[in-house]
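Inspection log for the structure reproduced underneath, given as structure tokens.
The values are calculated or read from the model by the stated rules, or taken from the named source; none is laboratory data. Worth saying up front: this structure is predicted, and the values here are computed from it rather than measured. Here the Cβ positions follow ideal geometry from the backbone for every residue, glycine too, while neighbour counts run over all protein chains shown. Heavy atoms of the whole protein, side chains included, go into the accessibility calculation; ligands, DNA and RNA do not. Shrake-Rupley method; radii C 1.70, N 1.55, O 1.52, S 1.80 Å.
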Amino acid sequence: MSRQIALIGRPLSHSISPAFQQAAIDYYSLDAVYVKWETEPGDVEETLNNLRDPNCIGANITVPHKETVIPYIDSVDDLARVLGAVNTIVNRDGQLIGYNTDGEGFLRALREQTGGAIRGQRALVMGAGGAARAVVMALLRARTVVTVANRTKERADKLVEDLIQYAGPGQLEAAAFDISTLSDISSRCALIVNCTTVGMRHSQDEDESLLPADLIPSHAIVFDIIANPLETRLLQDAKRCGARTINGLSMLVYQGAAAFELWTGMPAPVEAMLAAAREAMGMDGVTLVGE
Ligand code: ATR
């Protein structure tokens, strides 16, 4: 019987993770299948107990269970503990170990595009939820100077309070989310990252952007971590302003690549994964990172 790697979340019908993870499994001809385990909030403990089966290699954890799985697993690595969220579990002889590869996925997508040129540069991160936390931690490790702006200022303050211990002097601050503050910050930023849900397909704010187009500097790199749609309103505006753009599909694939490496100990076949992701999105031949 084939071994299993599970995707645990709800709903999972639109997820493209099965497409690109199975591509990675097949690249190495592993006798394994990547399966969706759609899980109701009340069933998380039972699902994780099933994951302890020797036949299960591990899992990806997605919305809405990234935080709620933590009490039911045996150990959590330092980064995932700091972030308070797990997106990858490895089953090691019945012991479940939790990791968070979102930040690594973000950074790898960014480095592919910039060649690492963001060190010492200034970044504006919009949002203060779980995704923003992973991105901010990754940027701090990449030695970027980060300003976090969020609609609910208290949440940005809390993010800074929790992560300031990982920042150097003057490396991390929270800012108010008003036009004059955003205008001032964005003009000085080499990198602007959207970590909010604004612009996401099927959301209330589909086709919206938090940053007025005239505040996007042409010298900036604009990264929207939303994968669907591939080109959000923010990225459309950024392109029109002459800024470089990175979409969320590359981050999605790279966080999955890091998970694959944790499960198997083998280098992820990133090109095969990117090709499968493109195919699953119905966009063969489209460039994922920048343009
Ligand atoms: P995730 O875990 O994916 O980061 P989340 O924790 O729900 O998701 O965070 C969503 C982020 O999008 C938050 O920063 C949220 O701002 P608030 O903290 O003020 O709620 C932001 N967001 C969602 N809708 C928004 C909107 N219409 N305008 C501004 N920010 C919005």
Where is the GNM fluctuation largest for the chain (alpha-carbon springs, 10 angstrom cutoff): 13, 187, 209?
13
Note on the chain, DSSP bridge orientation, antiparallel percent to nearest 5 equals 20 percent
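Report the net charge of residues surrounding residue 20, where surrounding means a beta-carbon distance below 10 angstrom and charges are Lys +1, Arg +1, Asp -1, Glu -1.
Working: positive: 278; negative: 279.
Neighbourhood net charge equals 0.
For a test of the definition: using alpha carbon positions, the gyration tensor, and the 1.5 limit on a/c, classify region 127-210 as rounded, prolate or oblate.
Numbers: a/c = 1.75, a/b = 1.47, b/c = 1.19.
Prolate is the answer for region 127-210, as a/c is 1.5 or above and a/b outweighs b/c.
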Heads up, I need the accessible area for residue 65: 1.4 angstrom probe, whole protein in place, Å², nearest 10.
0 Å²
On the principal axes of its Cα set, how long, how wide and how thick is region 29-172? Give whole Å, largest value first.
47, 37, 22
Value of [θ]222 nm, deg cm²/dmol, for the chain, DSSP H segments ≥ 4, -39500 (n - 2.57) each, nearest 500
-11000 deg cm²/dmol
Exposure of residue 181 as accessible area (Å², to 10), given a probe of 1.4 Å and all protein chains
40 Å²
Under 29 Å Cα-Cα from residue 36, which lysines qualify once same-chain neighbours fewer than 8 residues away are excluded?
66
Where the centroid of each part is defined by its Cα atoms, how far is region 58-82 from region 3-37 in Å?
18 Å
If you take every residue apart from residue 162 with its C-beta less than 12 Å away from the C-beta of residue 162, what net charge results, scoring Lys and Arg +1 and Asp and Glu -1?
+2
Stokes-Einstein at 10 °C, 1.306 mPa s, Kirkwood radius from Cα pairs: D for the chain in µm² s⁻¹?
82 µm²/s
Multiply the residue gap between residue 68 and residue 13 by 0.36 nm, knock off their C-alpha separation, and tell me the result in nm, one decimal place.
17.7 nm
